[in-house]
Amino acid sequence: MASTFVAAFEILSFGAIIVLVVLGLGIIASMMGIFNFAQGEFVLLGAYVTYLAYSRGLPIWAGMAAAPFIVGALGFVLEALIIRRFYAAPIVAMLGTYALGLIVRESVRGLIGGFYLTVPEPIGGSIDIGTMHISAWRFTIIIITLLVMGGCYLLLSRTSFGLRVRATLENPALARASGISTPLIYGATFAFGAALAGLAGALIVPVFSLFADLGIRFLIQGFVAVMVGGIGSFIGPVAGAGLIGTLSAALPWVMAPVVADVLVFVLAIVFIKFRPQGLIAGKGV
Amino acid sequence: MFADRLDLTRRRFLSGFAFTAGAIATGAGSWVVRPDWANAAEGAIKVGIATDLTGPIAYAGNADANVAKMVIKQINDGGGLLGRPIELYIEDTASNESVAVGNVRKLIQRDKVDMVLGGITSSMRNAIKDPIVARGKTLYIYPQLYEGKECTPHLFCTGPTPAQQCDEFIPWLIKNGGKKFALPSANYVWPHTLNVYARKVIESNGGEVVFEEYYPLDQVDFSATVNRIISNKVDVVFNTVIPPGVGPFFKQLYEAGFLKNGGRLACVYYDENTLNINQAAEIEGLASCLDYFKVLTKENPFDAKLQAAYEKDFPGNFLFAAGSAATGTYRGLKLWEAAVKEAGKIDRDGVSAALDHAKIAEGPGGPAEMVPGKRHCKMKMYTAVAKGGSYEIVGRSNGLVDPKEC
């Protein structure tokens with residue numbers, strides 16, 4: 001019983017981490033039709049900002065709160081300078097974002113000297129329930145993920161900003177005709193996606209420590225999650241991320257980890273073969 | 001405004017020109033360190049360093065290159081070797097085997113170096129040993145701790161082997177941890193081969209391996225593993241998981257109460273660089289066994305001198321640490337120096353024959369000597385335990401430990 005509970009918690013917490021990382025990726029992919037290969041590096045930048053705050057002696061939570069704003073602002077600038085020029089050619093856009101990611105990643109690697117650096121969690125230690133110990137910070141991540149998920153959903157489905165984003169996605173020409181500034185909406189959406197990645201990076205850096213390949217580690221899993229979940233809606237990639245995250249944390253409990261690692265991707269390929277539209281098809285929230 | 005731009009262009013042109021000229025002269029990613037005297041009739045002896053100056057393990061490669069610069073400078077300041085100065089040729093292996101082979105060929109074919117020292121990972125060694133030793137007919141020294149079984153002629157290893165890292169260490173772990181071992185490991189050659197040896201030593205000392213498991217190199221979630229460790233009441237986690245996985249793994253173990261319940265972490269590649277991956281409390285009591293720890297400077301005057309000399313020349317992030325092959329690099333160069341002095345010439349067969357039984361009286365952690373016919377190095381080994389973010393020596397070998405290879 002105790003170990004089932006611990007297992008469930010651990011699997012849930014890793015699922016939450018993947019959802020957090022995929023949120024921004026899914027929003028950019030679904031709402032803008034761009035596969036942003038630099039998303040992993042936005043995660044890395046969020047982590048780096050948190051580390052900087054910590055190393056300058058500022059409280060860690062201040063770094064975590066600043067990370068989404070800084071990374072979001074950077075995303076806005078990059079969209080205006082670079083990404084915007086590639087909307088007509090999604091394949092080239094993919095390569096462009098990959099190049100961006102490479103530049104960011106190698107710059108950060110230079111800045112941190114290729115080391116693995118620890119960042120303590122603002123809420124450390126473990127919560128003890130009888131003989132079980134569960135990580136307090138992972139528990140916090142689950143809570144924050146739920147809040148952020150709920151917040152994003154409300155933003156996209158209930159606010160006028162969300163309506164404009166969805167209108168721009170569905171029919172850009174009509175949106176423009178109705179007086180919506182689509183370039184601004186694209187910029188804002190990209191910045192929002194980047195900000196979510198920054199937040200994800202800030203929250204997970206105490207768990208995984210800071211290193212240059214932190215973001216790329218989750219990129220492939222993120223893309224598989226988006227494919228499995230289905231592109232076009234907000235909820236699709238989130239569902240996909242929940243599934244992939246849970247699966248990749250759960251399988252090592254029942255089989256050799258090396259096999260589990262491969263099996264997740266095999267299952268995803270088989271799933272996409274039989275349901276190419278993904279878990280949740282169609283556009284909308 | 002216009003003038004500003006013009007200036008920028010000119011400056012850009014100049015810096016671009018300087019870079020291109022440098023690149024044409026040496027090839028991108030090449031550095032030559034020439035001695036400030038070069039009046040010898042026979043010309044300089046050329047030493048090649050091929051190491052990972054860029055890429056994920058650049059911190060180690062740069063430390064090794066720094067050690068080489070320091071040692072070669074010391075030799076040159078002392079009058080050189082056989083009355084000749086030494087020129088140092090440094091090439092980047094870039095943590096990428098195909099790039100490395102090309103750059104190593106430059107050392108051999110263009111620069112015609114007399115010896116190559118370098119390579120950090122085993123896959124790198126395997127990629128560059130053929131261009132150096134077989135086709136290049138050049139002496140090769142590999143400085144990093146590794147899984148053993150490298151018995152190529154003219155290839156000398158100066159880092160610790162599994163026997164050196166396990167023979168004294170595992171009995172200590174059984175005494176200071178317990179009998180039940182878990183061997184969580186990254187899925188590549190070093191952990192696989194090291195674990196075969198470690199298991200033998202664990203079992204012959206009355207211990208027991210509860211499980212041995214391999215993980216993908218980029219795995220960062222270890223909840224299933226941690227659960228098995230806790231529920232099997234494992235005493236010692238003999239870890240060969242490497243970064244990036246090792247940080248989250250130790251953290252999850254800590255959060256699950258492994259250390260609180262008296263468990264012992266052990267990891268034989270842990271040195272001063274890896275201490276920063278976790279917070280001090282998460283790895284309190286972690287034991288490692290290496291040929292050198294910085295804390296030895298307190299008891300060993302030679303180590304104090306060496307460490308101070310390195311830190312004076314190279315302050316900053318690239319530490320003089322055993323796990324980065326920095327100590328193996330020092331030892332390799334000094335043993336080679338001794339061999340060249342004995343041979344009195346620089347041809348490969350002569351130096352190889354002398355290096356086969358070369359000795360140095362002083363090195364990081366103590367003296368070192370090659371085991372004749374084995375091309376591996378006897379050295380002193382130390383067991384250290386992490387306490388509050390630094391190491392404390394808790395055990396040391398009686399004399400030099402045999403590498404038991406080849």
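Numbers at a glance
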item: Cβ pairs under 7 Å, 6+ apart, first in region B:325-339 and farther than 11 Å from B:Phe156 by Cβ, second surrounded by fewer than 23 Cβ atoms within 10 Å (Cβ to Cβ) and not hydrophobic (A, V, I, L, M, F, W, C); result: B:Ala338/B:Lys359
item: In region A:138-191, residue nearest to the chain's Cα centre (by Cα) [restricted to those that are surrounded by 14 or more Cβ atoms within 10 Å (Cβ to Cβ) and more than 30 Å from A:Phe86 (Cα to Cα)]; result: A:Thr145
item: Count of region B:251-266 residues which are buried (at least 23 other Cβ atoms within 10 Å of the Cβ) and more than 10 Å from chain A (Cβ to nearest Cβ); result: 4
item: Filter pass, B:Thr383 being assigned to a helix (DSSP H, G or I), under 19 Å from the mean Cα position of the chain (by Cα) and modelled with pLDDT of 95 or more; result: no
item: Criterion: buried (at least 21 other Cβ atoms within 10 Å of the Cβ) and not assigned by TED's automatic domain parsing to the domain that holds B:Tyr59 - qualifying residue of B:Val196, B:Val237; result: B:Val237
item: Boolean, A:Arg217 is among the charged types (D, E, K, R) and either farther than 17 Å from A:Asn36 by Cβ or in contact with a Cys (Cβ under 6 Å, 6 or more places away or on another chain) (or both); result: no
item: Qualifying residue in region B:197-210 (condition: among the acidic types (Asp, Glu), more than 30 Å from B:Asp64 (Cβ to Cβ) and touching a helix residue (DSSP H, G or I) at 6+ places or on another chain (Cβ under 9 Å)); result: yes
item: Some residue of region B:329-341 being surrounded by 22 or more Cβ atoms within 10 Å (Cβ to Cβ), of a type in the set (A, V, I, L, M) and in a loop (DSSP other than H, G, I, E, B); result: no
item: Scope region A:1-48; condition surrounded by fewer than 24 Cβ atoms within 10 Å (Cβ to Cβ), at pLDDT 90 or above and away from chain B (no Cβ under 14 Å); matching residues; result: A:Phe37
item: Hits in region A:108-137 - residues which are in a helix (DSSP H, G or I), surrounded by 14 or more Cβ atoms within 10 Å (Cβ to Cβ) and either of a type in the set (S, T, N, Q) or without any contact (Cβ under 8 Å) to a residue 24 or more places away in the chain (or both); result: A:Ala136
item: All positions within region B:61-95 that are farther than 15 Å from B:Phe320 by Cβ and of a type in the set (Gly, Ala, Ser); result: B:Gly78, B:Gly79, B:Gly80, B:Gly83, B:Ala94, B:Ser95
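For (1) over 25 Å from B:Gln164 (Cβ atoms); (2) out of contact with any Gly (no Cβ under 6 Å at 6 or more places or on another chain), each residue gets a yes or a no:
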site	(1), (2)
B:Tyr269	no, no
B:Asn276	yes, yes
B:Leu290	no, yes
B:Ala304	no, yes
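The rows are residues; the columns are (1) within 12 Å of chain A (Cβ to nearest Cβ); (2) surrounded by fewer than 18 Cβ atoms within 10 Å (Cβ to Cβ); (3) in contact with a Cys (Cβ under 6 Å, 6 or more places away or on another chain); (4) closer than 26 Å to B:Pro131 by Cα.
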{"site": "B:Asn176", "(1), (2), (3), (4)": "no, yes, no, no"}
{"site": "B:Asn205", "(1), (2), (3), (4)": "no, yes, no, no"}
{"site": "B:Leu217", "(1), (2), (3), (4)": "yes, yes, no, no"}
{"site": "B:Asn227", "(1), (2), (3), (4)": "yes, no, no, no"}
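This table checks each residue for (1) part of a helix (DSSP H, G or I); (2) more than 25 Å from A:Phe9 (Cβ to Cβ); (3) at pLDDT below 90; (4) not assigned by TED's automatic domain parsing to the domain that holds B:Gly323.
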{"position": "B:Lys233", "(1), (2), (3), (4)": "no, no, no, yes"}
{"position": "B:Leu253", "(1), (2), (3), (4)": "yes, no, no, yes"}
{"position": "B:Lys260", "(1), (2), (3), (4)": "no, no, no, yes"}
{"position": "B:Tyr270", "(1), (2), (3), (4)": "no, yes, no, yes"}
{"position": "B:Asn276", "(1), (2), (3), (4)": "yes, yes, yes, yes"}
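The values are calculated or read from the model by the stated rules, or taken from the named source; none is laboratory data. Bear in mind the structure is a predicted one, so any value in this text is a computation, not a measurement. So basically every Cβ, Gly included, is an ideal-geometry build from the backbone, and we count neighbours across all protein chains shown.
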